[in-house]
Amino acid sequence: MRVSGLGETMGKEKGMWKLRRKLALSPLILAAFFLAACGGGSGGGGEGGSGDGGEVVNIGYSGPLSGGASLYGENVLEGIQMAVADLNEEGVEIDGQPVTFEISSLDDRYLPNEAATNAQRLVQQEDAAVVFIPHSGGIFAAQSINADRNEFLLGAYSSDPAILEQENPLTMMIPPRFDNYMEPFVGTTMDEFGDSLGLIPTESEYGQEWTDQVTEEWENQGGEVLSNNGVDYATTTDYAGPVTQALSEDPDVLFVGGPSQPTALVIEEARGQGFEGGFIVMDQAKVEEMEEFTSEENINGSVGVMPLIESTEAGTEDFVARYEEEISEDRIPVSEVGYNYQAMHVVAKAMELADSTDDPQAIRENIEPAIAEVEDEYKVINFPDGFTEEGHLAGPVVATFVEDGEYTELEVPQEQ
Amino acid sequence: MLLTTKNLGITFGGLKAVNEVDFEVERGTVAAIIGPNGAGKSTFFNLISGFHKPTTGTVTLDGEDLTNLPAHKTVRSGMARTFQTTNLFMEDTVLDNLIVGHRVRTKSNIFDAILRTPRLRREEKESRERAMESLAFAGVDRLAERTVGSISQEAQKRVSIALALATEPKILLLDEPAAGVNNEETEGLATLIRKLVEHEYTVCLVEHKMSMVMGLADKIMVLHHGEKIAEGEPKEVASNEAVIEAYLGAEEEDDA
Amino acid sequence: MDALGRHWKKIALAVIFVISLFVPFFVQNNYFLGVIILGYIWAIATYGLNILLGYTGQLSLGHAGFFGIGAYTVGVLTVGYEFPFWPSLLIAVIASSVLGFLIGIFALRTRNEYFAIFTLGVGFVIYLVIERWEGLTGGALGLIGVPYPEGIGPIQFDGPGSLYYLILGFLILTIYIAWSIANSLVGRSFMAIRNSEELAAATGINVGRAKQLAFAISTGVAGLAGGLYATYIGFLGPAIVNVPTTFEILLYLLVGGMGSLSGPLVGAFLVTTLFQFLQQFEAYRLVILGPLVVIIIIFFPKGLAGLWHAAETRIRKRMNKNPAPDESSESAKEEAR
Amino acid sequence: MELFLQQLINGIALGSVYSLAALGLTLVFGVLRIPNLAHGALYMIGAYVTYFALTSYGIPYIVAIGISAAVLALIGVIVERLVFHPLRNAPHTHHLIAAVGVLFFLQSGAQVLWGSEFREMPSPFTGVINIFGLNIGQQRLVVIFASILVMAALYWFLKKTVPGQTIEAIEQDRTGASLVGIDANRVSMMTFAISAALAAVAASLVAPINLVFPTMGEALNLKVFAIIILGGLGSIPGAIVGGFALALAEVFSSTYVSNAFSEAIGFLFLLVVLAVRPTGLFSKGA
């Protein structure tokens, strides 16, 4: 017992020592928290700008900047950043005052509630009158607060027409509605390849909606839709299984799409397994990005959105060059970058016309006239020609059909 | 007879860990189960107290059939046990460890807890009193507010016996109550066990220390390889050939 | 000495309560108010986990799933079937609790790591069901337009201010329930199981049933938090039900302190606030947070509550002018007895 | 029939990857009782190391996999020393939570260091082989054969070498092994090293038919857990059988039942197995 008693005593001393060490460590931890917090306060912040231009106008952005969708979130942000750099360089005066634009960007990890919290924060802490959000979940969540709880104009980057159905008075939907793509996409591929359609889209919310619409349109035009072999592009290890499965029904056309790179893998796998038909590519996937992950030949016979680099708008060429110079040499600017770039220019013009940087209502009312005022050099892709009642930057849209390595233009009719 | 087992046995993966053991404990006595390492003593305890389900035989306590009852139900019927390692919660006080011992005799449920009903208050009070009584019985009431981790090994043994007492048992099964304590303290624990019997509890213990058992038990059963090889008063057992052989053989095995 | 300590705690509690009542008056900023409200909601969910993990010692990694069942029950009933909010919330709590009870029948056959991973699987399956069952849950698109609660008598719930009080009320109710469980024979049974299942069974506790009860309470509380979340945010998407949410709740509990009454509140509040502070770090946030979690679990496994407790004990010892004999010498005396 | 065979090959290729990843996880669990939720993150880091060895240094594919395995073995040891060793006597909940911390760190660290873009790993085996009307990518055959090779090597190591036998001894009988005087520290580090190296090999093999990105381990993580639970935590044959079983179940349920069902099937199957047999299929003495 003596021995075990001694052990106990020693154990206790050790315990005491441990406790002391813990207590000593705790201020360190607190300091770490504190440092982290302070560092956080000064981070983020503005982009571009000469800094001498009077009043600072904060533009809010909440999107996925970490996790699986962060590249997408960064692309959208890059577009806004490039526009802000233009504006600050050019020097904007609003209501007789020179202003400098800054961007406050926050990460929402693609979560709707985080997006809504971020939007509130941007409005209340950063005095942002405009907040850009690039995913429909976050847009819906923000729509529940932007009209009554905190007023702000929502720059909604999502091609989902459901965001217009909310009849939210302060929403500006930026990209073309995806439902308009259906008719030409289906018509073109059905004429070209035949009337049975296989489905291997991604299983995201967006993928589901596209699948429903494509299915409906394909059947409307008299085609046959085969079974749905969609898989979640974010979590699938090997696409061979679903592709084999889809091809076993011998489709003429495959509907694919999700992020560009996995979409390229699906196409490559399908070609590898001997598929010779066409592809309908969901607008989330960018043909020009896919080219880097699979050979050009494989993409032949695809319909999809027009690559920004192939666009014929007045400002496209300069824009592409600037992107390579200022943002990234490895990546090419995709349409997300371009659409948000244009939208930011429209917003700035609307602020000028409204003589206000902080009244979302007034800015909203001036979007329509602002569209006509935007200089041609800032038009890079499917620039809108009007702003609908529901809040959509609408206009003629050109998509593409890839034939023999060429991007042929495909008119997209605009029926609202 | 208070406790009776008939043909009690269990098989683990083809091995008969306990093989058809008949055993009886008379009310108000101390019975001991001894045997070399791996003889199946603890398994036998686990069978009686419902921690293992027997493959053969029956267990009866005070005329009530406990065979196949789960452990917590055997406690309700009056079976209480301790473990070789006390398993007490070291960071809590002795009293806090003890109060739950009376839980088995109480009825209050979650709604009583949330609504703070009179029944809950009454039962809490009873449990606390019962805990203090048991601690006093075991001679450790003055340690009630100390954390278990800060009291001696022997005191912990006493606390775990007190915990068993708090369940208001008819019989106490003590699994090596003197393991890890010195001779002097062993004597103290033996005194406690005698006191239990004086107060009309019945005790059944598994013990390694022959000296303790010889002075304490009214009756001893010897298990070897899961089988009962001897049973009787301490003197009879001590002189039993088979027992001596079993212990010697076991020692040789240990040495090897 | 002890009485003084208790007194001190009561005063502190009263002060905190009064402050919490006036929060909407001095926080005129909806963003701050929003962060606080969400902090409360997560605190409620964390109390749920604490009952299972902190008191009963069973690590469930399916907590977000039950949070989601509560949220989606309210969402589906109010949006899809135009049910009033209050009965929907009641149904949400009952549904998540009953489902927890039923799943517990199977889940609690497993122990330790198996239980953790089993519940991880349960949580993931709940997520998949919510994400795939488009007809009911809106699938990946989610549910839009969950209404605010209907007014009760003269009280209207029409903005963050009134919602703040509603959710504060539920938080206090939850804390009360947690307290009353912890300080009852039921709670003592839970803690006995956490300490040692064998010993608990040997003292007559029906371990299986007690665990199942703890699981059902835990999932019910998670469901309550989910239902409140649905009405506060007004929009539901499946992401909130997914496994990372469970890990977040676990983190709150861990930082605050498992098995303590104040831990869930402190942890949920501090970490959600910290997350807001770390916002600008974007991806770097988790680079900081990861090692922090490891440091906490290695050095402060009892969280802030444990740290506080240790500091308090030390301060008391210091303050005591006639210091008690060193514990080791006392136990030496005892041996000499 | 053709469809069946094609899917069978796909299932076997997928199963080899699952099995390799699951083996590492089950080893760590069997020996150290640590459910390492960060395993998927180690897998992801393994893919990146191979990727950079290939693209930045032009090292041949097979050699790059070896380098990646070595680097990850080192990272595994570091993680064991810094995180799990200090927690060796802590309750199992602490291991799980610490593993989540490691997961956060590695995954977000990868994003910060290398960006979140998808990368394509070039492999010398790009062709498609046509046998009996089946189209099989060469890389898939590489995956299958390399996995078998690695599994055989692991088997040989555990059965025929002294360090391997010490690992097996601990796995089978912890108290017995400690009585024999096996150095638990060394075994612990060695186990983590092997586990991380196996994850690296699995990731490097599968990356050319998929992509390399920071969250690539996330989806796999839950699946390998399902596999090792299914097989019985700590059981090596269980991990292998479980890996192939899950892959085939996924592939064939999507072929013959429904695609939406295939992702859930693994988990439903897992839940059913655990409900019936709470410690998994291959565990000793449930």
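Throughout, read-outs are computed from the coordinates displayed, never taken from laboratory work. The shown structure was predicted, so the numbers you read here are calculated from the model rather than taken from an experiment. Virtual Cβ from ideal backbone geometry, glycine too; neighbours counted across all protein chains shown.
Give the Cα extents of chain D along the principal axes, in whole Å, largest first.
Here the spans come out as 58, 48, 36 Å, largest first.
So, by mean Cβ neighbours within 10 angstrom, what's the order for D:152-162, C:31-41 with the highest one leading?
Packing order, densest peptide first, comes out as C:31-41, D:152-162.
Percent relative contact order of chain A, based on C-alpha pairs within less than 8 angstrom and at least six residues apart? Provide the component values of the computation, followed by the final result.
Numbers: 807 pairs, mean separation 61.5, N = 416.
Contact order relative to length: 15 percent.
Enumerate the amide H contacts of A:HIS392 below 5 Å, restricted to partners 5 or more residues apart or on another chain; note that Pro and chain-start residues carry no placed amide H.
Excluding prolines and chain starts, which carry no amide H, the hits are A:MET173.
Within 10 Å of each Cβ in C:268-278, how many Cβ atoms from other chains are there, averaged over the peptide?
For this peptide, the per-residue mean of nearby foreign Cβ atoms is 3.
Just add up the charged neighbours of B:THR5: K/R +1, D/E -1, any other residue whose Cβ is under 11 Å from the Cβ of B:THR5.
After counting each charged neighbour, the total is -1.
Would you mind computing Rg(Cα) / (2.2 N^0.38 Å) for the stretch C:29-301, counting N as its residues? Could you put the intermediate results ahead of the total?
On the way: Rg = 18.1 Å, N = 273, 2.2 N^0.38 = 18.5 Å.
Against the empirical 2.2 N^0.38 Å value, I get 0.98 for the stretch C:29-301.
Spelling out what I want: for every residue of the stretch D:202-214, take phi, set θ = phi - 60°, compute 6.51 cos²θ - 1.76 cosθ + 1.60 (Karplus), and round to whole Hz; glycine and proline get x.
Going residue by residue, I get 4, 5, 5, 6, 7, 3, x, 8, 10, 9, 10, 7, x Hz, with x marking Gly and Pro.
When the gyration tensor of the stretch A:109-230 is built from Cα positions, what are the square roots of 5 times its three eigenvalues, in whole Å, from largest to smallest?
After diagonalising the Cα gyration tensor, the semi-axes are 36, 14, 10 Å.
Other chains' Cβ within 10 Å of A:73-79 residues: what's the mean?
Values: counts 2, 4, 0, 0, 0, 0, 0.
Per-residue shielding by partner chains comes out at 1.
Can you spot the aspartates and glutamates whose alpha carbon is less than 19 Å from B:LYS6's alpha carbon? Ignore those fewer than 8 places along the same chain.
Those aspartates and glutamates meeting the cut-off are B:GLU20, B:ASP22, B:GLU24, B:GLU26, B:ASP62, B:GLU64, B:ASP65, B:GLU227, B:GLU231.
Throw me the Rg/Rh for the stretch B:134-256, computed over C-alpha atoms with Kirkwood Rh, two decimals.
1.02
Would you mind checking which residues have amide H under 5 Å from B:LEU205's amide H? H placed 1.01 Å from N; only 5 or more apart, or other chain.
Residues meeting the amide H criterion: B:ALA31, B:ALA32, B:ILE33, B:LEU174.
List the chymotrypsin sites (Phe, Trp or Tyr not before Pro) in the stretch C:217-288 that DSSP assigns to loop (not H, G, I, E or B) and whose Cβ has at most 11 other Cβ atoms within 10 Å. Which are they?
Details: sites: C:TYR229, C:TYR232, C:PHE235, C:PHE247, C:TYR252, C:PHE269, C:PHE275, C:PHE277, C:PHE281, C:TYR284; in loops: none.
Nothing satisfies the criteria.
Using 10 Å bins from zero, what percent of all Cα-Cα pairs in the stretch A:81-137 falls into each bin?
Result, from short to long distances: 21, 42, 27, 9 percent.
Which ³J(HN,Hα) values in Hz, rounded to whole numbers, follow from the phi angles of the stretch A:376-389 under the Karplus curve 6.51 cos²θ - 1.76 cosθ + 1.60, where θ = phi - 60° and Gly and Pro get x?
4, 5, 9, 8, 10, 7, 5, 5, x, 10, x, 10, 6, 3
Would you mind telling me the antiparallel percentage of the DSSP bridges in the protein assembly as shown, rounded to 5? Write down the numbers at each step before the final one.
Values: 43 of 94 bridges.
Bridges in the protein assembly as shown that DSSP calls antiparallel: roughly 45 percent.
Output ³J(HN,Hα) for the stretch A:398-409: one whole-Hz value per residue in order, computed from phi by the Karplus curve 6.51 cos²θ - 1.76 cosθ + 1.60 with θ = phi - 60°, and x for Gly and Pro.
10, 10, 9, 10, 8, 10, 6, x, 9, 8, 8, 6
How large is the translational diffusion coefficient of chain A in µm² per second when you combine the Kirkwood radius over alpha carbon pairs with Stokes-Einstein at 4 °C and 1.567 mPa s?
Numbers: Rh = 23.2 Å.
After rounding, the answer is 56 µm²/s.
Can you flag which of A:LYS286/A:LYS379; B:LYS170/B:LYS219; B:LYS107/B:LYS157; B:LYS41/B:LYS219; B:LYS73/B:LYS170 are past 23 Å Cα-Cα?
B:LYS107/B:LYS157
Considering all alpha-carbon pairs of chain B, what whole percent are spaced by more than 26 angstrom?
I get 42 percent for the Cα pairs in chain B exceeding 26 Å.
Among rounded, prolate and oblate, which fits the stretch B:87-168 when a ≥ b ≥ c are the square roots of the eigenvalues of its C-alpha gyration tensor, a/c under 1.5 means rounded, and a/b larger than b/c means prolate?
Prolate.
Using modelled backbone amide H atoms (1.01 Å from N, in-plane), which distant-in-sequence or interchain residues come within less than 5 Å of A:PHE279's amide H?
A:LEU254, A:SER302, A:VAL303
State the volume of the convex hull built on the alpha-carbon positions of the stretch D:98-216, expressed per residue in Å³ and rounded to an integer.
Once divided by residue count, the hull of the stretch D:98-216 is 151 Å³.
Rounded, prolate or oblate: which one fits the stretch D:1-69, using the alpha carbon gyration tensor with axes a ≥ b ≥ c (rounded when a/c is under 1.5, else prolate when a/b beats b/c, else oblate)? Don't jump to the answer; show the numbers that get you there.
Numbers: a/c = 2.84, a/b = 1.09, b/c = 2.60.
Oblate shape, in that a/c is at least 1.5 and b/c is the bigger or equal ratio.
Over all pairs of distinct alpha carbons, what does the Kirkwood formula give as the hydrodynamic radius of the protein assembly as shown, in Å?
Its Kirkwood hydrodynamic radius stands at 33.8 Å.
Given labels modelled 7 Å from the Cα in the Cβ direction, how far is it in nm from D:LEU268 to B:GLU126?
4.9
Let me know the mean shielding of C:117-126 by other chains, meaning the per-residue number of their Cβ atoms within 10 Å of its Cβ.
Per residue, the number of nearby Cβ atoms from other chains is 6 on average.
Could you tell me the center-to-center distance, by alpha carbons, between the stretch A:81-144 and the stretch B:112-131 in angstrom?
Each part's Cα centre sits 58 Å from the other's.
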